[in-house]
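Some notes on the structure that comes next.
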Amino acid sequence: MPHPGWVPPTDLERVLAEAKSRGDWDGYLLVLLSTDVLAYVLVDGAEKHGATSDWPLHHMPDGRAYVPLHTRGELLPRRPEVVPQVIPLPINPEIRLGEPLHGVIVNPGTPTEAVFPDLRKLEEHWSRLRKDALRPGHDDDAVITQYTGPRQGPLAHALACGAHLAVHNQVPWNSLDDVFNDHDADTDVLSDSWDVHSQDDWVHEVDALIRAQNSPPEPEFLLSVRWRYGERVSGLTEDPFVWRALVARILRHNGATEEEVALHQRLIDRIVRYETRFRADGLLSADEYVVSARAYDYGRAVPFARWGLGARLASPEQAEFAVLKAGERSREWYDSWGEFSAGYTLGRALRFDDGSFGHMYGSALSPHRLLMGEPLSPWRTIPFAQDEDENEDGDEG
């Protein structure tokens, strides 16, 4: 391994360093072309969705201008004047930024630094290589660990509660760096999917997630009835007819209409169908059931905090506080990663899958299997229950 003592931020930077040490530049470029690379854009430029005239440049000793590119593990510390954006490669050599743009420099100042001059030659060669680059698809989930990030302790545990979406989005699960995807993508997901456009919007929504008040209340009511009365009512956890009858009595006692009773009983049937599928797919064992669907809100609170950080609607301190609170609430309601994941998946499926067992179900099941199965996954290396001796600064996997 080149550079003794250096800790590669992720496996990708390790592979780049190995290719560089061998002088295998095509191998280096194939790795680079198979992933997202980011460049910094002035904040005013980011509002124009990455206008290339707003790239801060790197000037070499000969005075020539280069675009600095960064892999995710080598993003710079947060700065107020710039934001990271994904940049398609190769860069068009006809671009001019008020001066001739000569080439690119990858991860400047790090062991993976590489300088590629002459954009015109780069475009031709990189375009040929790009055909052989194995870029992951939308559903090619991956557990990516940032080895320079937290890997034990409360913050690591809390970040791991958001791992479903990190794995599905192919970003490091334990990063609280400047972005989740990039500035534009983080801004767009908050705007388009959450109707969040300001810091006040973000604060309101993250508070609802941490309080488990973003999802509909009916599933949680039903699950809480089964959990609270499970040991007192014979057959409640095994027989859905017993569950339906008990819920009907409680609702009628509280003044519910027959239409409301019927709605809740249909929802019980949906939950039972999902739990049956969960057992077949390994989300639950034969005698387990979902104790709460709150995990869906807690699990989304973590990427929501990271999106807010990337969109510049949350400060690093606000984002970390929200992540930690989501982790704390998760530990209050669940005893294991398996319990947590089943609750998350049920909440997601009931909200968006509509009994189809389609993408919204599969995109939770696949990360679950990776996180429960890979030996170095955070769900295999971080205990779910609080350990009195946990050290947030520990970094042993």
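The values are calculated or read from the model by the stated rules, or taken from the named source; none is laboratory data. Note that the coordinates shown come from a computational prediction; the quantities given were computed from them, not determined experimentally. With ideal geometry, Cβ positions are generated from the backbone for all residues, glycine too; neighbour counts draw on all protein chains shown. Ligands, DNA and RNA are stripped out before the accessible areas are found, and what is left, the full protein with its side chains, is counted by its heavy atoms. Shrake-Rupley method; radii C 1.70, N 1.55, O 1.52, S 1.80 Å.
Could you let me know the centre-to-centre spacing of segment 96-160 and segment 61-94, using Cα atoms, in angstrom? Value for the Cα centre distance between the two parts: 10 Å. In the chain, the longest principal axis of the Cα atoms and the axis of helix 240-253 are about 80 degrees apart.
Across segment 95-242, Cα pairs under 8 Å and at least six residues apart give a relative contact order of 11 percent.
Backbone amide hydrogens, once placed in the peptide plane, bring ALA114 within less than 5 Å of VAL106, excluding anything fewer than 5 places away on its chain. Beta bridges assigned by DSSP with both partners in the chain are antiparallel in approximately 70 percent of cases. Residue by residue, segment 208-225 carries 3J(HN,Hα) couplings of 5, 5, 5, 8, 6, 10, 8, 7, x, x, 4, x, 5, 4, 5, 5, 5, 4 Hz when phi is fed to the Karplus relation 6.51 cos²θ - 1.76 cosθ + 1.60 (θ = phi - 60°); x denotes Gly or Pro. In the chain, helices alone account for a calculated mean residue ellipticity at 222 nm of -15000 deg cm²/dmol, with every DSSP H run of four or more residues adding -39,500 (n - 2.57). Solvent exposure of segment 140-223, expressed per residue, is 36 Å² of accessible area, with all protein chains present and a 1.4 angstrom probe. In order along segment 113-121, the phi-based Karplus estimate (6.51 cos²θ - 1.76 cosθ + 1.60, θ = phi - 60°) of 3J(HN,Hα) comes to 4, 8, 10, 10, x, 6, 4, 5, 5 Hz; Gly and Pro are listed as x.
Amide H contacts of ASN214: none lie under 5 Å away among residues 5 or more positions distant or on a separate chain (H built 1.01 Å from N in the peptide plane; Pro and chain starts excluded). Label zone (ASP192, point 7 Å along Cα-to-C-beta; backbone nitrogen cut-off 18 Å) within segment 344-362: 359-360. Once the Cα-Cα distance is subtracted from the 0.36 nm per residue extended length, the GLU81 to GLU259 segment shows a gain of 58.5 nm. Once you sort the root eigenvalues of the Cα gyration tensor of the chain as a ≥ b ≥ c, which label holds: rounded (a/c under 1.5), prolate (a/b larger than b/c) or oblate (the other case)? Because a/c hits 1.5 or more and a/b exceeds b/c, the chain counts as prolate.
Backbone geometry of segment 63-79 corresponds, through the Karplus equation with coefficients 6.51, -1.76 and 1.60 at θ = phi - 60°, to 3J(HN,Hα) couplings of x, 6, 9, 10, 8, x, 10, 9, 7, 4, x, 10, 5, 7, x, 4, 10 Hz, x marking Gly and Pro. Taking amide H as placed 1.01 Å from N in the peptide plane, the amide H of GLN146 sits under 5 Å from that of TRP173, ASN174, each at least 5 places away or on another chain.
Could you tell me what percent of the accessible area of the chain is made up of carbon and sulfur, with a 1.4 Å probe and every protein chain present? Solvent-exposed carbon and sulfur of the chain make up 50 percent of the total. In percent, rounded to a whole number, the relative contact order of the chain is 18, using alpha-carbon pairs under 8 Å and six or more apart. Can you give me the C-alpha center-to-center distance between segment 19-45 and segment 214-289, rounded to a whole angstrom? Here the answer is 51 Å between Cα centres.
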